Amino acid sequence: MTNFVTILRRDLRLSFRQGMDSLMVVMFFVIAVVLFPFGVGPEPNILARIAAGVIWVAALLASMLSLERLFQTDYEDGSLEILVLQPVSLEVVVAAKVTAHWLTTGLPLIAAAPLLAVLLNMDAGGFAILILALALGTPSLSLIGAIGAALILGARRGGVLLSLMVLPLYIPVLIFGVSAVDAALGGFAARPHLLILSGLLLATVALCPWVGAAALRQAMRS
Amino acid sequence: MDRMNRFFGDNLTCFRGGRFVFAGLSFAVEEGGALVLRGPNGSGKSSLLRMMAGLLPPSAGALAWDDGRIDEEPEAHHERFHYVGHADAVKPVLTVAENVEFWARLRTPEPDTRAALEAFGIDRLADVPGRFLSAGQKRRVNLARVLAAPVRLWLLDEPATALDADAVRAVEAAIAAHRARGGMVVASTHQALGLDGGDVLDLADFQGEDLDID
């Protein structure tokens, strides 16, 4: 546990001092969403109808944007090699790095989401569920993405490869994230959808650190 | 428990990129001992060190500490050694002290970072971010990491690269002190580095070209 905190603090410190990473993710998120009114026309009803989907898809892409660097910088400067050789289980290392990734990218996305919902004329009744759904869904995105980020180490054009591997796996989170908001807006219970999102989160928490660690071990052997 | 502290490899073979880098190699290091790896470029010095660290599984043969094979209990093995490779793992936005302290904290709750920095003459750089360091200074930071959390075995891959004469003397002193405490060192190097009395393993003797295996 102390090792988890040590690695988490180091990654947060690295991220805050570099600063730009989190900011760029949020900027990308905002710009991607803002493009939609230009694309589909400023019809308030249409925008309100597609708001949840647009925000979720933009959040997926934004979260993926920063994934490539999750292990890449440590891999390039030799830190990953040394991390793998510490008397710390690699699963803890992956879990700590994913947590830092979510805190520096997922959390700012959640904070920016209500603003964008207003921009897309979403009914105020859906805001709380949107935030809740994002809070349950984005950690899963970081966790699933960690597997892809570990697998692309050493590959050229890793970023494109990463999106090809990870985006299809994001689909379940996307489906239930959007349907939770749609249910709330349509006057139905959002709870079942949120419960499925929680279930997905529990499954990814249980599986992804182990799979990610296995992928890292493989990357270190080459 | 009998703690004789013997690290050895038996009949190791390294097969990489379609060729045998070395074959039939055996070694042993004991308490206070040192093993110097020599050999021309590409003879497998780094591969052997990576094998000792468990980063690269041997194609044949086995490595063991006392009676336990290292691949059976990797975390127990990781606890015993520090590995210094070619990359210095110095984060550009962390200060020298933060860099060293992070690594040491993963092994000991209260690391003595200050003393480790002093040993390599970089205590005055403690608050300087890693991006302002020269190659030699980064190497010193990487070596300070080794001193900040004491372990039994040091695996050093060309530790003197980019170091000036003062720093090389500091490395010599550190290795001598480590060995005097019963520590073990395996290093690939072309300099003396306080490894006198250690065994020399010339990897040129284990080249596998004439092996006929398919």
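Filter region B:50-99 for residues that are of a type in the set (Asp, Glu), under 16 Å from the mean Cα position of the chain (by Cα) and farther than 19 Å from B:Gly130 by Cβ and give the result.
To start, the set of residues in region B:50-99 that are of a type in the set (Asp, Glu) comprises B:66-67, B:71-73, B:75, B:79, B:88, B:98.
Checking which are under 16 Å from the mean Cα position of the chain (by Cα) leaves us with B:79, B:88.
The answer is B:Glu79, and nothing else.
Say we look at region B:176-203 and pick out the residues that are on the phi > 0 side of the Ramachandran plot and either buried (at least 21 other Cβ atoms within 10 Å of the Cβ) or not in a loop (DSSP other than H, G, I, E, B) (or both); which of these is modelled with the lowest pLDDT?
If we take residues in region B:176-203 being on the phi > 0 side of the Ramachandran plot and either buried (at least 21 other Cβ atoms within 10 Å of the Cβ) or not in a loop (DSSP other than H, G, I, E, B) (or both), then B:Gly194 is modelled with the lowest pLDDT.
Condition check: within 12 Å of chain A (Cβ to nearest Cβ), closer than 24 Å to A:Asp74 by Cβ and crowded, with 16+ Cβ neighbours inside 10 Å. Does B:Arg131 satisfy that?
no
Please verify whether region B:76-83 includes one or more residues that are closer than 18 Å to B:Met184 by Cβ, more than 12 Å from chain A (Cβ to nearest Cβ) and among the aromatic types (Phe, Trp, Tyr).
no
In this structure, is A:Arg10 in a helix (DSSP H, G or I), within 13 Å of chain B (Cβ to nearest Cβ), crowded, with 22+ Cβ neighbours inside 10 Å and free of Cβ contacts under 8 Å to residues at least 24 places away in the same chain?
Criteria met by A:Arg10.
For region A:141-154, indicate whether the set of residues that are without any contact (Cβ under 8 Å) to a residue 60 or more places away in the chain and either part of a helix (DSSP H, G or I) or farther than 21 Å from A:Ile31 by Cα (or both) is non-empty.
no
Return the residue satisfying two criteria in turn: it lies in region B:97-111 and is more than 9 Å from chain A (Cβ to nearest Cβ) and surrounded by fewer than 16 Cβ atoms within 10 Å (Cβ to Cβ), and of such residues it is farthest from A:Val93 (Cα to Cα).
Out of the qualifying residues, it is B:Glu110.
Here is a yes/no grid of residues against (1) of a type in the set (A, V, I, L, M, F, W, C); (2) within 14 Å of another protein chain (Cβ to nearest Cβ); (3) surrounded by fewer than 17 Cβ atoms within 10 Å (Cβ to Cβ):
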| position | (1), (2), (3) |
| --- | --- |
| A:Ser15 | no, yes, no |
| A:Phe38 | yes, no, yes |
| A:Asp77 | no, yes, no |
| A:Glu81 | no, yes, no |
| A:Ala96 | yes, yes, no |
| A:Leu103 | yes, no, no |
| A:Ala117 | yes, no, no |
| A:Leu120 | yes, no, no |
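Which numbered condition in (1) in contact (Cβ under 8 Å) with a residue 24 or more places away in the chain; (2) closer than 28 Å to A:Gly78 by Cβ; (3) not small (Gly, Ala, Ser) is the only one that A:Leu185 fails?
So the condition that A:Leu185 fails would be (2).
Would you tally the residues in region B:112-126 being surrounded by 17 or more Cβ atoms within 10 Å (Cβ to Cβ), under 21 Å from the mean Cα position of the chain (by Cα) and more than 23 Å from A:Asn3 (Cβ to Cβ)?
Total satisfying the criteria: 3.
Which condition does B:Gly24 not pass, out of (1) more than 14 Å from chain A (Cβ to nearest Cβ); (2) in contact with an Asp or Glu (Cβ under 8 Å, 6 or more places away or on another chain), if it passes all the others?
That leaves (2) as the condition not met.
Report yes if B:Leu94 is more than 10 Å from chain A (Cβ to nearest Cβ) and farther than 25 Å from B:Arg50 by Cα, otherwise no. First the steps, then the outcome.
On the way: more than 10 Å from chain A (Cβ to nearest Cβ): no; farther than 25 Å from B:Arg50 by Cα: yes.
Taking the combined requirement at face value, the residue does not satisfy it.
Scan B:Ala53, B:Ala76, B:Ala87 and give me the residue that is touching a residue at least 12 places away in the same chain (Cβ under 8 Å) and not β-branched (Val, Ile, Thr).
Exactly one of B:Ala53, B:Ala76, B:Ala87 is touching a residue at least 12 places away in the same chain (Cβ under 8 Å) and not β-branched (Val, Ile, Thr), namely B:Ala53.
Among all residue pairs at least 6 apart or on different chains, which show Cβ distances below 6 Å where the first residue, located in region B:176-201, is farther than 14 Å from B:His82 by Cβ and the second is among the acidic types (Asp, Glu) and assigned to a strand (DSSP E or B)?
B:Ser188/B:Asp157
Is it fair to say B:Arg152 is within 20 Å of B:Leu48 (Cβ to Cβ), among the charged types (D, E, K, R) and surrounded by fewer than 16 Cβ atoms within 10 Å (Cβ to Cβ)?
no
Failed condition for B:Leu55, given (1) crowded, with 22+ Cβ neighbours inside 10 Å; (2) closer than 25 Å to B:Val21 by Cβ; (3) within 8 Å of chain A (Cβ to nearest Cβ), with all others met?
Failed condition: (1).
The values are calculated or read from the model by the stated rules, or taken from the named source; none is laboratory data. Note that the structure is predicted; figures quoted are calculated from it, not measured. Heads up, the Cβs are rebuilt from the backbone with ideal geometry, glycines too, and the neighbour counts pull from every protein chain shown.
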